[in-house]
Amino acid sequence: MSEVLTQPARERTMLLTGNHAVAWAAKLARPKFAPGYPITPQTPILEKLTEFEAAGEFDAEIITPESEHSVMASCIPASLAGVRVFTATASQGLLLMHEVLHYASGARAPIVVANVNRTVASPWAFWPDQTDSLAQRDTGWIQLYSESAQESLDSVIQAFRIAEAVLVPAMVSHDAFYVSHALEPVKVPAQEMVDAYLPEYAPPHRIDPAQVESWGNVVTQEMFARHRRELAEAMAKVPQLAVEVDREWARLTGRSWGIVERYRCDGARTVLVTMGSMCGTARDAVDAMRDAGAAVGLLKVRLFRPFPVAALRAALAGVAEAIVLDRNYSPGCGGVLHQELRSALYGMPDAPTIRGLLAGVGGVNVPPERICEFVRNAASYDAGPESVWLS
């Protein structure tokens, strides 16, 4: 790697929304196929990509099929033909893709999807809520959650590196409006920097008349089970690979996101655990509580699938209490992150007491002062499997 490419000066700072940051990331990744179907609040991603294409700055085929199901159905053969593929969606659009999300992972097609987390119907609403993507947790897709526009841009580029290395599709999600439509300064890397980081997609298997292979065949029970084991083995490589990919990105840009982030956790008795844009609010709350003398920290979960059990156990070792803030709700189960963390820490010696709080479901605002109140009143919340409704 040349010294020139390692200099952050090869970036330029732009004022971007989270959605436009994602569009810039997609442009820089050089996919050859980028179908899309407009849906609030994802539409600005598709609009920006079409602007890039109209200006001759984006060399990809953009089509608008009749639905999100058809979008993913077109992504899969394009990926299997050996080209890099990107798309974006949100909420009901992602739910409509559900059937073919399974097909994409089963076909080992390393497609990257940007999802804008939005409430799912009914009732009809347009606010930030992570239920749409968390409902896809068993589809066999890598899932990353970002806190900011900058992290979304970096995560989309990293997602291509990770997905194409293990041949598993990846989803990068950020919260509606709090990230998707909020403007902030974003460092956009130069094309040559991304080209050096992200090699051309050259899959070992693809649709090629000169070397005949097939996908989607009817198979025996043993063949199906073997295929699932191979997918499991690929997923198992992701946490360490994601760390390595992020470390290389840090050498180029000076920015590192990790798969989990410990913020002011040293010496903390209580640690807040959450994902997405709420991490920024929780960070402010932690600062306020630290200033007041309370031993509180934040654990940000960036990689959700595969769930980084070892990293979470290490991050929470020695912590007395973990308070999970979930901007989602699984009926009959509670907060999804709460349940996943309970499972991950089960059997861990001296595991922290875990309390699950449903905070921000449906996009309800949760200011730092409210989070401080959660911590002060933590002892009054049940530490059992049920999540507690707070907003």
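The values are calculated or read from the model by the stated rules, or taken from the named source; none is laboratory data. Because the structure is a prediction, the values reported are computed rather than measured. Don't worry about glycine lacking a Cβ; one is built from the backbone with ideal geometry, like all the others, and counts go over all protein chains shown.
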Set Leu16, Leu80: member being in the same structural domain as Val188 (by TED's automatic domain parsing), out of contact with any Ser or Thr (no Cβ under 8 Å at 6 or more places or on another chain), farther than 23 Å from Ser277 by Cβ and not charged (D, E, K, R): Leu80
Residue among Leu345, Leu337, Leu341 that alone is at pLDDT 95 or above, farther than 18 Å from Asp284 by Cβ and in contact with a Pro (Cβ under 9 Å, 6 or more places away or on another chain): Leu345
Scope the range 67-106; condition without any contact (Cβ under 8 Å) to a residue 40 or more places away in the chain and surrounded by fewer than 24 Cβ atoms within 10 Å (Cβ to Cβ); matching residues: Ser67, His69, Ser70, Ala73, Ile76, Leu96, Glu99, Val100, His102
Evaluation of Val120 against (1) within 30 Å of Leu337 (Cα to Cα); (2) in contact with a Pro (Cβ under 9 Å, 6 or more places away or on another chain) (one fails), failing number: (2)
Helices (runs of 4 or more DSSP H) enclosed by the range 304-391 - at least 3 residues per element that are under 23 Å from Thr139 (Cα atoms): 309-315, 336-345
Condition broken by Leu144, with the remaining ones in (1) under 22 Å from Asp326 (Cα atoms); (2) in a loop (DSSP other than H, G, I, E, B) satisfied: (2)
Count of the range 277-303 residues which are assigned to a loop (DSSP other than H, G, I, E, B) and either closer than 21 Å to His338 by Cβ or not assigned by TED's automatic domain parsing to the domain that holds Val375 (or both): 2
Of all residues in the range 121-142 being of a type in the set (S, T, N, Q) and buried (at least 24 other Cβ atoms within 10 Å of the Cβ), the one that is nearest to Pro110 (Cα to Cα): Ser133
Qualifying residues in the range 105-134 (those that are assigned to a helix (DSSP H, G or I) and either outside the structural domain of Asn217 (by TED's automatic domain parsing) or within 17 Å of the chain's Cα centre (by Cα) (or both)) - the one farthest from Phe304 (Cα to Cα): Ser105
Options Val156, Val194; residue that is under 26 Å from Leu299 (Cα atoms) and surrounded by 14 or more Cβ atoms within 10 Å (Cβ to Cβ): Val156
Hey, Thr64 free of Cβ contacts under 8 Å to residues at least 40 places away in the same chain, β-branched (Val, Ile, Thr) and surrounded by fewer than 23 Cβ atoms within 10 Å (Cβ to Cβ) or not: yes
